[in-house]
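Enquirer: So that we are looking at the same thing, I have put the structure below in structure tokens.
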Amino acid sequence: MNTTDRVVSGMRPTGALHLGHYHGALKNWVQLQSQHPCLFFVADWHALTTHYESPGSIGNNVWEMVIDWLAAGLDPAKAVLFLQSRIPEHAELHVLLSMSTPLGWLERVPTYKDQQERLSDRDLSTYGFLGYPLLQSADILIYRAAWVPVGEDQVPHIELTREVARRFNHLYGEAPAPAAQAAARKRGETLENTPVLPEPQALLTAASRLCGIDGQKMSKSYGNAIAMREEPASVTKKIRTMPTDPARVRRSDPGDPGRCPVWNLHQVYSAEDVRTWVQQGCRSASIGCLDCKQPVIDAVIQETAVFIERARPYQEDPSQLHSIVAAGCERAREIAQTTMRDVRSAIGLGYV
Ligand code: SF4
């Protein structure tokens, strides 16, 4: 695996995923797996940072989410799929990085205060919650990732990761760690001076933002989501009952797609000719809202049918799923262990 091009990303196990997850992140992961060496992990420890009082559902959520990854088209022959908690080296790197990370860097991360306010029903004044962006840094740096696919709101996390790596390299040396040097000598190669922990770059994704059926951001907690494996009858019902432009009280009232959440679905699901039909038909009241919704219903059902079909073998035989993740963990562990040998040795902990 070529580290100079490696992509690493993770997702918290929230259970079965919805179409917002697919269009916002997963679809991009599926493309990336054919362009880069990729590692994708289930961030199950991260789930504990906010749900430490109710860990009971994490296990089921993990497997449901991995089924959806595979249903989306992630291919274990192309990408390494694994579980964060099965690679304890993430925790070791986290603790070592925590020694030199100023508290202020973590307190400054914008999502820290935002999330504390948003999840005010939980006590998030914990060490784990403050430190979760540093755990994310360890998740990335341990694989010496070159790229991390993120949305705009996650860019400060990558900036933090870059700062953490820079500080580590400044404190403990830019030269290749002895373990890496020895391995290179065995191969008859010499290593240039490279940082022990290379700084990753954010790979900003031009992902489509899919609204929920009420026009707000799609989210399971808002109750406005369409699941990736939603049954056709339920997809139809959800879209048919979606609110539309409030100006269209009667069928003969003209509307404005810009004020209608159904238009957001057309932007993701419909080709240019259908979108033109919607724009003209809505503004001139020559189409009704149910006519307008039908092509979206058809397109969503076509998409979810593929996911349902791909998921079936893993639901029927979960052992396949477990084997894929076990093989991914093994591959990830090899990389993580190599990095940790170099990290320990750079810090001066290589005395055993
Ligand atoms: S015609 Fe389509 S875009 Fe216009 S208000 Fe109805 S559902 Fe929305």
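Enquirer: Contact order normalised by length for the chain, with contacts defined as Cα pairs under 8 Å and 6 or more residues apart; what percent is it?
Expert: That works out to 23 percent.
Enquirer: Sort 267-278, 158-169, 49-60 for me by packing, meaning the mean count of neighbouring Cβ atoms within 10 Å per residue, highest on top.
Expert: 158-169, 267-278, 49-60
Enquirer: In addition: Could you give the spread of the C-alpha atoms of the stretch 1-146 along their three principal axes, from largest to smallest, in whole angstroms?
Expert: Answer, in whole Å and largest first: 40, 32, 25 Å.
Enquirer: Through the Karplus equation 6.51 cos²θ - 1.76 cosθ + 1.60, θ set to phi - 60°, convert the phi angles of the stretch 200-205 into ³J(HN,Hα) values in whole Hz; use x for Gly and Pro.
Expert: x, 10, 6, 9, 5, 9
Enquirer: State whether the stretch 16-96 is rounded, prolate or oblate according to the following rule on the C-alpha gyration tensor (a ≥ b ≥ c being the square roots of its eigenvalues): a/c under 1.5 gives rounded; otherwise a/b larger than b/c gives prolate, and the remaining case gives oblate.
Expert: Oblate is the answer for the stretch 16-96, as a/c is 1.5 or above yet b/c matches or exceeds a/b.
Enquirer: Using 1/(1 + (r/R0)^6) with R0 = 35 angstrom and r between the beta carbons of Ala182 and Leu204, what's the FRET efficiency to the nearest 0.05?
Expert: 0.40
Enquirer: How large is ³J(HN,Hα), in whole Hz, for each residue of the stretch 302-319 in order, when computed from phi with the Karplus curve 6.51 cos²θ - 1.76 cosθ + 1.60 and θ = phi - 60°, using x for Gly and Pro?
Expert: Values, residue by residue: 4, 5, 5, 4, 5, 5, 4, 5, 5, 6, 3, x, 6, 6, 6, 9, x, 5 Hz.
Enquirer: Between Asp5 and Thr111, what is the label-point separation in nm under the 7 Å Cα-to-beta-carbon projection?
Expert: Result for the modelled spin labels: 2.8 nm.
Enquirer: In the chain, how many lysine pairs have Cα atoms under 16 Å apart, counting only pairs 8 or more places apart or on different chains?
Expert: Taking the chain as the scope, the lysine pair count is 5.
Enquirer: Further question: Once you keep just the Cα pairs under 8 angstrom separated by 6 or more residues, what percentage relative contact order results for the stretch 1-85?
Expert: Here the relative contact order equals 45 percent.
Enquirer: List every residue whose amide H lies under 5 Å from the amide H of Ala285, counting only residues 5 or more places away in sequence or on a different chain, with H placed 1.01 Å from N in the peptide plane.
Expert: Correct list: Gly255.
Enquirer: Shifting gears a bit: Roll a 1.4 Å probe over the protein chains and send me the accessible area per residue for the chain in Å².
Expert: Here the per-residue accessible area is 48 Å².
Enquirer: On to the next question. Let me make sure I get this right: for the stretch 210-352, a, b and c are the square roots of the gyration tensor eigenvalues over alpha carbons, sorted descending. Under 1.5 in a/c it's rounded, otherwise prolate if a/b > b/c, else oblate. Which is it?
Expert: prolate
Enquirer: Please report, as a whole percent, how much of the solvent-accessible surface of the stretch 40-133 comes from carbon and sulfur atoms (probe radius 1.4 Å).
Expert: Summing carbon and sulfur atoms, their accessible area is 55 percent of the total for the stretch 40-133.
Enquirer: What angle do you read, to the nearest 10 degrees and between 0 and 90, between the alpha-carbon axis of helix 132-141 and the longest principal axis of the chain?
Expert: For helix 132-141, the angle is close to 70 degrees.
Enquirer: Over what distance in Å are the Cα centres of the stretch 249-271 and the stretch 22-99 separated?
Expert: After rounding, the separation between the Cα centres reads 36 Å.
Enquirer: Based on the inverse mean of 1/r over its pairs of different Cα atoms, what is the Kirkwood hydrodynamic radius of the chain, in Å?
Expert: 22.3
Enquirer: Taking θ = phi - 60°, what integer Hz values does the Karplus form 6.51 cos²θ - 1.76 cosθ + 1.60 yield along the stretch 257-267, in sequence order, with x for Gly and Pro?
Expert: Karplus-based 3J(HN,Hα) across the stretch 257-267 equals x, x, 9, 10, x, 5, 4, 4, 5, 4, 4 Hz.
Enquirer: Once you have the Kirkwood Rh of the stretch 160-291 from its Cα pairs, apply Stokes-Einstein at 10 °C and 1.306 mPa s and quote D in µm²/s.
Expert: Translational diffusion coefficient: 81 µm²/s.
Enquirer: Of the peptides 225-238, 104-117, how do they stack up when ordered by the mean number of other Cβ atoms within 10 Å, highest first?
Expert: Top of the packing list down: 225-238, 104-117.
The values are calculated or read from the model by the stated rules, or taken from the named source; none is laboratory data. Predicted, not measured: the structure shown is a model, and the values here were computed from it. Neighbour counts run over all protein chains shown; Cβ positions are idealised from the backbone, glycine included. Only protein heavy atoms, including side chains, enter the accessible area calculation; ligands, DNA and RNA are left aside. Shrake-Rupley method; radii C 1.70, N 1.55, O 1.52, S 1.80 Å.
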